[in-house]
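Trainee: I am attaching a structure below and will ask some questions about it afterwards.
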Amino acid sequence: MGAVLAAVLGASLMGCSSTGGKRAEDRAAQAAAESRSAVNTPRWTFAMVTHSGDGDTFWDIVQKGAKMAAGKDNINFLYSHNDEAQQQAQLIQAAIDKKVDGLIVTLAKPDAMKDVVAKAVKAGIPVITVNSGSAESKQFGALTHIGQDESIAGEAVGDELNKRGRKKALCILHEQGNVGHEQRCAGAKKAFDGEMQSLYVEGTNMPDVQASIEAKLQADKDIDAVVTLGAPFADAAVKAKRTAGSKAEIDTFDLNAKVATALQDKTLGFAVDQQPYLQGYEAVDLLWLYRYNRNVLGGGRPVLTGPQVITAQDAAQLAEYTKRGTR
């Protein structure tokens, strides 16, 4: 079994390099096609429950990473999501009732998740948090948190705006009550030397998002930067800029194929990547390591997957991976 663990750790490390990641993906795909895994440990069941809404490409990338690791680690992987906090909590309870062997959850709205995560911990189910809730993860009893520090990510945005000489920015919040989004805008405002305003929009209604940004840009011609907090909303901001006749630079959190293309053609200024594929992959892999060998990473601190500021040059280098949906 020591050799098995070494092989799996090696595969995890290879996944961090470009060529190694592609080879690891090919091997896992071949193993899945042949109905086999890279290990001979029991077929444990891990459930991931997130706060994603429908159609969010970010979570497609997270799932790809999780499924890759699940195929390698002989895991039965279950995924469910709901952007309503109470509904997400119910999905977590359903996973507990199924007596899953491991649980991966997001804490975008931590107050609503606290009690149900406590139930999972009390039931002896190891929990890992991903993406949101780094401040609450340890307090709630999770083994570790995988993601980016949202405040630090926000500060990276503020610093980049300063480098670009921006003076007045607009931060678009598309999900009410999401503490991570609030932290992003607050961090950006803290680091930004200019003025930053927040604009709340209804993220489930993209025409409304575009109209709200457009109205703000028309009303204030001094705004020279718009920061969206998710890749799908960058496109709406670009359209709003065009119809408003604004010269503001559009920047965004998160990366996908469309954002990478927009960065290369200078439609977008920069993006902040938190590597969602890695969040999904490492969450499953670390749960496997805990079940197999009681390994825990982080030493009580989050395992950071970002932030990384992506510019046009970086996007060109990542194009191959964004097209296949893993960056």
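The values are calculated or read from the model by the stated rules, or taken from the named source; none is laboratory data. Since this is a predicted model, take the numbers as computed values, not measurements. Because the Cβ atoms are built from the backbone with ideal geometry, glycine has one as well, and the counts that use them run over all protein chains shown. Areas reflect the complete protein model, heavy atoms only, side chains present, ligands, DNA and RNA absent. Shrake-Rupley method; radii C 1.70, N 1.55, O 1.52, S 1.80 Å.
Trainee: Leaving out ligands, DNA and RNA, what percent of the accessible area of the chain is carbon and sulfur, probe 1.4 Å?
Mentor: Accessible surface attributable to carbon and sulfur in the chain totals 49 percent.
Trainee: Please list, ordered by chain and number, the residues whose modelled amide H lies under 5 Å from the amide H of residue 171; skip anything fewer than 5 residues away on the same chain.
Mentor: The list, which skips near neighbours in sequence, is 197, 198, 199, 227.
Trainee: Provide, as a two-decimal number, the C-alpha radius of gyration of region 52-132 over 2.2 N^0.38 Å, N being how many residues it has.
Mentor: This ratio for region 52-132 stands at 1.07.
Trainee: What's the angle, to the nearest 10 degrees (0 to 90), between helix 110-122's Cα axis and the longest principal axis of the chain?
Mentor: Here the helix axis deviates by roughly 10 degrees.
Trainee: Can you tell me the 0 to 90 degree angle between the C-alpha axis of helix 150-163 and the longest principal axis of the chain, rounded to 10?
Mentor: Approximately 40 degrees, to the nearest ten.
Trainee: Okay, moving on. Based on the Kirkwood radius over alpha-carbon pairs, what value in µm²/s does the Stokes-Einstein equation return for the translational diffusion coefficient of region 150-273 at 37 °C and 0.692 mPa s?
Mentor: After rounding, the answer is 237 µm²/s.
Trainee: Given a 1.4 Å probe, how much area per residue of the chain is accessible, in Å²?
Mentor: Per residue, the chain has an accessible area of 44 Å².
Trainee: Something else: Using modelled amide H (1.01 Å from N, peptide plane; none on Pro or chain starts), what sits under 5 Å from the amide H of residue 39, excluding residues fewer than 5 places away?
Mentor: 74
Trainee: At a threshold of 8 angstrom on Cα-Cα distance, excluding pairs fewer than six apart, so keeping six or more, what relative contact order does the chain reach in percent?
Mentor: Dividing the mean separation by the residue count of the chain yields 18 percent.
Trainee: Distance check, please: which entries in 99/119; 163/189; 72/258; 221/258; 98/119; 138/190 exceed 23 angstrom between their Cα atoms?
Mentor: Result: 72/258; 221/258; 138/190 exceed 23 Å.
Trainee: Amide H of residue 130: which non-local residues (sequence gap of 5 or more, or other chain) have their own amide H closer than 5 Å, using H built in the peptide plane?
Mentor: Under 5 Å from the amide H of residue 130 lie the amide H atoms of 105, 106, 107, 146, each far enough along the sequence or on another chain.
Trainee: Once every DSSP H run of n ≥ 4 in the chain is given -39500 (n - 2.57) and the sum is divided by its residues, what mean residue ellipticity at 222 nm do you get, rounded to the nearest 500 deg cm²/dmol?
Mentor: Helix contribution divided over all residues of the chain: -16500 deg cm²/dmol.
Trainee: Specify whether the C-alpha gyration tensor of region 141-192 places it in the rounded, prolate or oblate class, a ≥ b ≥ c being the square roots of the eigenvalues: rounded for a/c under 1.5, otherwise prolate if a/b is larger than b/c and oblate if not.
Mentor: Cα axes put region 141-192 in the oblate bin.
Trainee: How tilted is helix 85-97 with respect to the longest principal axis of the chain? Cα atoms for both, answer in degrees (0 to 90, nearest 10).
Mentor: 10 degrees
Trainee: Kindly provide the Kirkwood hydrodynamic radius of the chain in Å, to one decimal, from all pairs of distinct alpha carbon atoms.
Mentor: When all Cα pairs of the chain are included, the Kirkwood radius is 20.3 Å.
Trainee: Net charge around residue 156, counting only other residues with Cβ within less than 12 Å of its Cβ (Lys, Arg = +1; Asp, Glu = -1)?
Mentor: The answer is -4.
Trainee: A further question on this structure: How charged is the neighbourhood of residue 244? Take every other residue with its Cβ under 11 Å from the Cβ of residue 244, and add Lys/Arg as +1 and Asp/Glu as -1.
Mentor: +4
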